[in-house]
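Let me begin by presenting the structure, written as structure tokens, before commenting on it.
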Amino acid sequence: MSTPHHTAAHHEEENYLTHDSSIQSWLLTKDHKRIALLYFLSVTLFFTIGGLFASLVRIELLTPAGDFMSSEMYNQAFTSHGVMMIFFFLIPAVPAVLGNFLMPLMIGAKDLALPRINLASWYIFIIGASLAVFAVLTGGLDTGWTLYPPYSSAYSQSRVTIAVAGVFIAGFASILTGVNFIATVHRMRAPGLTWFRLPLFVWAHYATSLVMVLGTPVVAITLFLLGLERTLGFGFFDPAKGGDPVLFQHLFWFYSHPAVYIMILPAMGVISEIISTFSRQKLFGYSFVAMSSLAIAILGFLVWGHHMFTTSQSAYTGILFSALTFLVAIPSAIKAFNWTATLYKGSVSWETPMLFAFGFMGLFLIGGLTGLFLATMGMDIHLQDTYFVVAHFHYVMVGGGVMGYMGGIHFWWPKITGKMYSNFWSKLSALLIFAGFNFTFFPQFVLGFMGMPRRYHSYPEEWQILNVMSTAGASILAIGYVLPAIYLTYSLFRGQKAPANPWGATGLEWQTSSPPPPHNFHETPTVTTEAYDYQSLPLSATPEKGASHV
Amino acid sequence: MGSSFPPLLPPQASTVAVEVDALYALLVSITAFFTLLVVGLFLYFGLKYARKSESERPIQVHPPAWLEIAWSVVPLLICLVLFVWGVQLYFKIYTPPKDAITIHVVGKRWMWKVQHMSGAREINELHVPVGVPVRLLITSEDVIHAVSIPAFRIKRDAIPGTMTTTWFNATKVGEYHLFCAEYCGANHSKMGGTVYVMEKDAYQRWLAGPNAGQPPAVQGARLFEEMNCISCHRNGSNQRGPVLEGLYGKTVALKGGGTTTADDAYIRESITNPTAKIVDGFEPLMPVYLSQLSEEQVNALLAYVRDTLGKAERPKDAPAAGTTPLGSPTTSASPKASESKGR
Ligand SMILES: [Cu+2]
Ligand SMILES: [Cu+2]
């Protein structure tokens, strides 16, 4: 992009990891890179907890009878799985880990605009998460992650209030992160880095931040009302007191549909970076892809009613929501076509991140296209609340979101840690995750069309074979997820030292050393070209595969 | 129930099932086509333009504008087709025909309580005749549930405080799954059982069998009397509420403007939450009965107002107490005023 540095060659140089190693320097750090790592460790922990609950669910569903655990325990298991994965892994994962680490680096800044707020957001997140984990481990939570009243307000015996308080508090972490990113993109861009020279990762995070800032307060208020109803007996959602249970669903999905875009938009940003880098082509239709992120963020706020086609919501309201839902599909289609076209006449290298990007394409396409089934009102009646919906949103949020996250972790791992990981094991992991994922969730589309309702502890016998396939696939998926924990950790100790720019990428983050110095750049870079300018990339910036730069 | 193994299609046992499956087939084709197209191209380009040397610097490709427009407009057109078909099918599934017979369904953790208009009752089972449109009027006594009959491709939420509707016309005699699809707590997956589609005469025999009981409309008439509803809902000097004879299905003018149709949901609401919609010309005097009546008793009153009073001739000299209904002059109506205590 511009002003290349050659600092990467000095090995003894201090970096953000080594310049101070006291515990205090980590817990009180204002460095966005260290805060990103704090988030990384936290969300990995919550992913593990959520994953363990998923295993319990899949083991129970091996047999038609509810025989592995009681129905009460089962209900807690799928609820805990959903709450942990959504609120404490998927929502923070890409923005708070990769976004935190990369946003300042990508725009040539020393840090985020509000470093203290950034640290505060992590503490708030941890307080919220601790409450939720406490609720889940003591007395459990059995309302489903959707928390529909009147079950959650008047019937559930579980720790609803504490769990809801946890999610409520964690929401503020999300708001603070969003505000911070918006301020940073507006104020901290390097000289010459105009809006339309920004990497698409930055555009995607900017759009995501808008959703976080505008949507999260609504879910916070909703959960607050639910808490009041449960503890003090208010009747906002209770028909016996003149309230309306469907009102909760409106408020809940007003946030929770856009929340899907908090999980998927940043992952799309990751995919844009990976596909461009490993094709050595400027992303096809750059401005279309950038604007489609904003379109998704805005339209995403207008479609929530598609979750309520089978409720008492009026048919005419439903029609409006159905139409808008189809509209929000278009920007995603634009992205998918542009990503694919980027490979055309490129120079394609199938490194591990590119394998994850390929996995993302396959899974997100299926996830997005099956969304059309559910936007189609007459079709949704049959599929609503079945395993079809479960399969659909796992394809979007795990197939899309987590594949993007994994791709991003593998893409920027050399930058974050200064180490290269094993090519073989990482490619194997990408393959296992892709295969295991399809094996797990594809049968669930069939189960859903057969009519198997979600959140069922036991089910009719004729559906066992599909459930066994799903559980078998989940075991493969689990291996795919455990492998990176091993080879990435191993790379920290035995991995080859990473050069500044191991993939021959163009972003500013690749122009500083790996890992970067505490203040990112020794001198503020000046940008003179558009993003993804591979022509002016110096040949020295693209070492032969596997070769270390030092 | 399921016959193929491993099963891929649920039984097609209602008139709408065929159309739902046709739409499903279209959606599956669209999904398969675009997934294979994009993934195929990704792989094809990825292999064809695979990097040959590390110093490769490919020529920058500049996308033509028509391409961006094409791949925005084509999906939009496909979506338009899906949208229109989906809306049309939605109305078909949720709009019962006029000649449908009525069955009341009440969800309660963890059972479906079913009232047939002949008086037969059952729990977690549903007996219906083949080839006859059947309308389900659905509500819940506690949390939200959802009636789901995959073989008919129908589903509708059972929401406390609200009455929802769906319908089907079963096409094949047989036994099918009946589920609760909206999570409702500990025994959610046990809430349900079997739908029995029977020949018409077998259904008539079943109605008269051991499950038989007093018809809801008769129970409703008794309740109507016991609760002294008639003291207000009658024609004459003491009238404080709309006359209910001939009311069902008519258009009603509301106090403060607007109209509504006196359908099941409206009449149910007027019994359980009388001040929600006041008929023009009346005062909100009727007490709230919800606390005294079970959902099944409300259904019985509703059946009486719908099936007995609804078919009764409206008294000739019954000016609907100052109402100026939109439609015929005989459509006053409603449940509002009754006993003289206000709320
Ligand atoms: Cu949604
Ligand atoms: Cu239920």
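The values are calculated or read from the model by the stated rules, or taken from the named source; none is laboratory data. All of these numbers come straight from a predicted model, not from anything done at the bench. FYI the Cβ positions are ideal-geometry reconstructions off the backbone, even for glycines, and counts take in every protein chain you see.
Among the numbered criteria (1) outside the structural domain of B:V132 (by TED's automatic domain parsing); (2) farther than 25 Å from B:T162 by Cβ, which one does B:Y203 miss?
Tallying (1) outside the structural domain of B:V132 (by TED's automatic domain parsing); (2) farther than 25 Å from B:T162 by Cβ, B:Y203 fails exactly one: (1).
Have a look at B:M163, B:M117 and point out the one that is over 25 Å from B:Q204 (Cα atoms), more than 16 Å from ligand 2 (Cβ to nearest atom) and in contact with a Ser or Thr (Cβ under 9 Å, 6 or more places away or on another chain).
Being over 25 Å from B:Q204 (Cα atoms), more than 16 Å from ligand 2 (Cβ to nearest atom) and in contact with a Ser or Thr (Cβ under 9 Å, 6 or more places away or on another chain) holds for just one of B:M163, B:M117, which is B:M163.
Out of the range A:273-304, which residues are away from chain B (no Cβ under 14 Å), among the polar types (S, T, N, Q) and farther than 17 Å from A:L324 by Cα?
none
Going through A:L488, A:L466, A:L492, A:L477 one at a time, which residue ends up being over 26 Å from the mean Cα position of the chain (by Cα) and not in a loop (DSSP other than H, G, I, E, B)?
A:L466
Any idea which residue in the range B:170-192 is nearest to ligand 1 (Cβ to nearest atom), counting only those that are within 16 Å of B:R156 (Cα to Cα) and aliphatic (A, V, I, L, M)?
Step by step, filter the range B:170-192, then rank; the result is B:A181.
Just one of the numbered conditions (1) within 12 Å of ligand 1 (Cβ to nearest atom); (2) more than 22 Å from the chain's Cα centre (by Cα) is not true of A:T342; which one?
Condition (1) is where A:T342 drops out.
Out of the residues in the range A:289-346 that are in contact with a helix residue (DSSP H, G or I) (Cβ under 9 Å, 6 or more places away or on another chain) and of a type in the set (F, W, Y), state the one that is nearest to B:L77 (Cα to Cα).
By that ranking, first place goes to A:F326.
Could you look through the range A:98-114, keep only residues that are among the small types (G, A, S) and part of a loop (DSSP other than H, G, I, E, B), and pick out the one that is nearest to A:F46 (Cα to Cα)?
Ranking the candidates gives A:A113 first.
Yes or no: B:G40 surrounded by fewer than 14 Cβ atoms within 10 Å (Cβ to Cβ) and not assigned by TED's automatic domain parsing to the domain that holds B:D307?
For B:G40, the condition - surrounded by fewer than 14 Cβ atoms within 10 Å (Cβ to Cβ) and not assigned by TED's automatic domain parsing to the domain that holds B:D307 - is met.
Looking at (1) crowded, with 17+ Cβ neighbours inside 10 Å; (2) out of contact with any strand residue (DSSP E or B) (no Cβ under 6 Å at 6 or more places or on another chain); (3) not β-branched (V, I, T), find the lone condition where B:S237 falls short.
Single failed check for B:S237: (1).
Sort out which residues of the range A:517-550 are at pLDDT 60 or above and within 14 Å of another protein chain (Cβ to nearest Cβ), and write them in order of number.
A:T529, A:E530, A:A531, A:Y532, A:D533, A:Y534, A:Q535, A:S536, A:L537, A:P538, A:L539
Restricting to the range B:142-194, name every residue that is small (G, A, S) and at the interface with chain A (Cβ under 7 Å from one of its Cβ atoms).
Passing the criteria: B:A146, B:S148, B:G161, B:A181, B:G185, B:A186, B:S189.
Please work out if A:T376 is buried (at least 23 other Cβ atoms within 10 Å of the Cβ), within 16 Å of ligand 2 (Cβ to nearest atom) and of a type in the set (V, I, T).
no
What is the residue count in the range B:213-272 for residues that are among the basic types (K, R), touching a Phe, Trp or Tyr at 6+ places or on another chain (Cβ under 9 Å) and in contact (Cβ under 8 Å) with a residue 40 or more places away in the chain?
Looking only at that region, the number is 1.
For the structure I just gave you, tell me whether B:D157 is crowded, with 24+ Cβ neighbours inside 10 Å and of a type in the set (D, E).
Yes: the conditions hold for B:D157.
Out of all the residues in the range A:291-300, is one or more within 14 Å of ligand 1 (Cβ to nearest atom), touching a Pro at 6+ places or on another chain (Cβ under 7 Å) and over 24 Å from B:V84 (Cβ atoms)?
The answer is no; no qualifying residue exists.
Could you say which residue among A:T63, A:T18, A:T3 is modelled with pLDDT under 95, part of a loop (DSSP other than H, G, I, E, B) and either touching a Ser or Thr at 6+ places or on another chain (Cβ under 9 Å) or aromatic (F, W, Y) (or both)?
A:T3
Hey, could you check the range B:20-33 for residues that are facing chain A (nearest Cβ under 8 Å) and in contact (Cβ under 8 Å) with a residue 24 or more places away in the chain and say which is nearest to B:W167 (Cα to Cα)?
Of everything passing the filter in the range B:20-33, B:V20 is nearest to B:W167 (Cα to Cα).
Just checking, does the range A:202-211 include any residue being away from ligand 1 (no atom under 14 Å from the Cβ), farther than 30 Å from A:T352 by Cα and out of contact with any strand residue (DSSP E or B) (no Cβ under 6 Å at 6 or more places or on another chain)?
yes
Which of the residues spanning the range A:115-148 are part of a loop (DSSP other than H, G, I, E, B) and touching a Ser or Thr at 6+ places or on another chain (Cβ under 8 Å)?
A:G139, A:G140, A:L141, A:D142, A:T143, A:G144, A:W145, A:T146
Is at least one residue of the range B:126-138 surrounded by 24 or more Cβ atoms within 10 Å (Cβ to Cβ) and farther than 20 Å from B:K92 by Cβ?
Looking for residues that are surrounded by 24 or more Cβ atoms within 10 Å (Cβ to Cβ) and farther than 20 Å from B:K92 by Cβ, one finds none in the range B:126-138, hence no.
Working only within the range A:436-475, note down all residues that are more than 14 Å from every other protein chain (Cβ to nearest Cβ) and surrounded by fewer than 18 Cβ atoms within 10 Å (Cβ to Cβ).
A:S475
For the structure I just gave you, tell me whether A:T311 is surrounded by fewer than 24 Cβ atoms within 10 Å (Cβ to Cβ) and within 16 Å of ligand 2 (Cβ to nearest atom).
Criteria met by A:T311.
For the range B:135-160, give me the residue count where each residue is farther than 13 Å from B:Y176 by Cβ and away from ligand 2 (no atom under 16 Å from the Cβ).
Counting residues in the range B:135-160 that are farther than 13 Å from B:Y176 by Cβ and away from ligand 2 (no atom under 16 Å from the Cβ) gives 2.
Any chance you could count how many residues in the range B:73-111 are surrounded by fewer than 18 Cβ atoms within 10 Å (Cβ to Cβ), of a type outside the set (A, V, I, L, M) and at the interface with another protein chain (Cβ under 10 Å from one of its Cβ atoms)?
The qualifying residues number 4.
All but one of (1) more than 16 Å from ligand 2 (Cβ to nearest atom); (2) over 21 Å from B:I138 (Cα atoms) hold for B:I267, so report the exception by its number.
For B:I267, the failing item is (2).
Of everything in the range A:222-272 that's assigned to a loop (DSSP other than H, G, I, E, B) and more than 14 Å from every other protein chain (Cβ to nearest Cβ), which residue is nearest to ligand 1 (Cβ to nearest atom)?
Here the answer is A:F234.
Here are B:L36, B:L41, B:L47: which of them is out of contact with any Phe, Trp or Tyr (no Cβ under 6 Å at 6 or more places or on another chain) and at the interface with chain A (Cβ under 7 Å from one of its Cβ atoms)?
Matching residue, one of B:L36, B:L41, B:L47: B:L41.
When you go through A:T63, A:T79 one by one, which is the residue that is of a type in the set (V, I, T), within 14 Å of another protein chain (Cβ to nearest Cβ) and buried (at least 24 other Cβ atoms within 10 Å of the Cβ)?
A:T79
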